[in-house]
Amino acid sequence: MAFTPRVFSGVQPTGSLHLGNYLGAVRRFVAMQDEAPCLFCVVDLHAITVWQEPDELARATRHVTAAFLAAGIDPARSIVFNQSRVAAHAELAWIFNCVARMGWLSRMTQFKEKAGRDRENASVGLFAYPNLMAADILAYQATHVPVGEDQKQHLELARDIAQKFNFDYAERLAALGYGEEGLFPLTEPIIQGPATRVMSLRDGAKKMSKSDPSDASRINLTDDADAIAQKVRKAKTDPEPLPSDPKGLEGRPEADNLVGIYAALAGTTKETVLTEHGGAMFSAFKPALADLAVSVLAPMNDAMVRLLADEGHLHAVLAQGAERAAEIAGPVLRDAKRVVGFVA
Ligand code: AQP
């Protein structure tokens with residue numbers, strides 16, 4: 001029996017969302033609502049793998065929830081909730097801590113990047129982060145996960161964990177009536193479009209990130225039109241005009257990034273953008289990009305301001321979402337515990 005299509009994805013409440021989170025993830029969440037039942041999670045358990053001021057964590061959780069809704073996620077159709085309210089995530093993550101191997105996690109590049117040179121001082125949670133992410137996805141037997149390029153390796157690990165669990169407990173799963181596919185699906189990452197890895201506006205070799213100390217490196221979803229125009233104007237570029245096809249972007253990471261952002265915002269491809277703007281200098285292209293960014297982000301910004309003014313509504317959305325999520329995860333976790341041999 002094949003798994004029923006189901007989409008899961010999460011965003012960390014670690015600060016204000018930026019254009020990379022929007023183009024690489026949230027905007028695509030909105031589109032996926034027409035394709036399968038979806039769960040969208042504010043992953044607050046993940047957030048505390050690095051220190052978060054408690055009040056700021058709560059504020060950022062509301063902020064990400066508001067961004068989901070402002071972008072067009074419909075909480076009546078999709079399940080919107082915060083991770084810490086559904087205990088199945090942490091419970092299944094513990095089981096996966098005992099399935100995943102140290103060697104697998106040691107290869108995770110995100111841990112290496114985030115822990116930096118001071119690895120001894122990184123939290124154990126930061127190291128085990130991918131196991132929790134596997135639990136987030138597999139607690140719902142999610143078949144598809146829309147993410148940015150940076151999450152590809154974690155998705156591969158989730159598949160390895162699913163495969164090993166299904167294999168290690170195959171006999172006991174069969175006794176419960178599971179077929180060859182086991183309890184957990186081999187989830188497909190959905191990494192698509194011209195903006196799966198939006199880069200910093202200050203450095204074309206670095207990912208746009210919430211935790212970058214330079215605010216000028218990113219366009220926040222809450223930036224007003226002036227801030228957006230200023231950040232785009234100051235974005236690092238090279239002195240050459242834009243090429244007329246994407247091959248000409250090779251070796252020009254900053255130019256490639258701005259063209260990718262333009263294409264994603266316009267819902268088109270880099271080819272089409274370059275057909276239109278090939279030969280233009282950045283002095284002409286940047287204002288066009290800023291206008292486009294403002295036209296896409298301003299309505300969302302207005303909606304976020306309205307949503308953030310009604311905390312009661314945001315809390316109700318998260319509470320109802322958590323109830324619906326727990327109903328799906330409950331039977332999956334129950335069977336995972338049974339096959340492991342836990343006595344209930
Ligand atoms: N620069 C990016 N380009 C495209 N997609 C991106 N994503 C993040 N940055 C980019 C995607 O956004 C989703 C949510 O990410 P997250 O907040 O859960 O964690 P992250 O990937 O660690 O994002 P940040 O902004 O870099 O946060 P911090 O600085 O807190 O670590 C994911 O689907 C991610 O791929």
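Readers should treat all values here as calculations from the given coordinates under stated rules, not as data from a laboratory. Just so it is clear, the structure is predicted and the values come from calculations on it, not from any experiment. As a convention, Cβ positions derive from the backbone with ideal geometry for all residues, glycine included, and neighbour counts pool all protein chains shown.
To the nearest ten degrees, helix 54-71 and the longest principal axis of the Cα atoms of the chain are 70 degrees apart.
Based on alpha-carbon atoms, the Kirkwood radius and the radius of gyration of region 215-306 give Rg/Rh equal to 0.98.
If you wrap the Cα atoms of region 1-147 in a convex hull and average its projected area over all directions, you get 9.6 nm².
Residue exposure proxy: GLU91, GLU240, ordered by other Cβ atoms within 10 angstrom of their Cβ from fewest to most, comes out as GLU240, GLU91. Taking amide H positions as modeled 1.01 Å from N, with prolines and chain starts lacking one, the residues under 5 Å from VAL80 and 5 or more places away or on another chain are PHE40, GLY321. What do you get for Rg/Rh of region 153-211 when both radii come from the Cα atoms and Rh is the Kirkwood radius? The Rg/Rh ratio comes out at 1.28.
Taking a quarter of the surface of the Cα convex hull of region 67-184 gives a mean projected area of 9.2 nm².
Orientation-averaged projection of region 268-344 equals 10.5 nm² [convex hull of Cα atoms, one quarter of hull surface area]. Taking every pair of Cα atoms in the chain, average 1/r, invert it to obtain the Kirkwood radius, and report Rg/Rh to two decimals. Reported Rg/Rh (Cα atoms, Kirkwood Rh): 0.99.
Need one number: convex hull volume per residue for region 130-239, Cα atoms only, in Å³.
That works out to 129 Å³ per residue.
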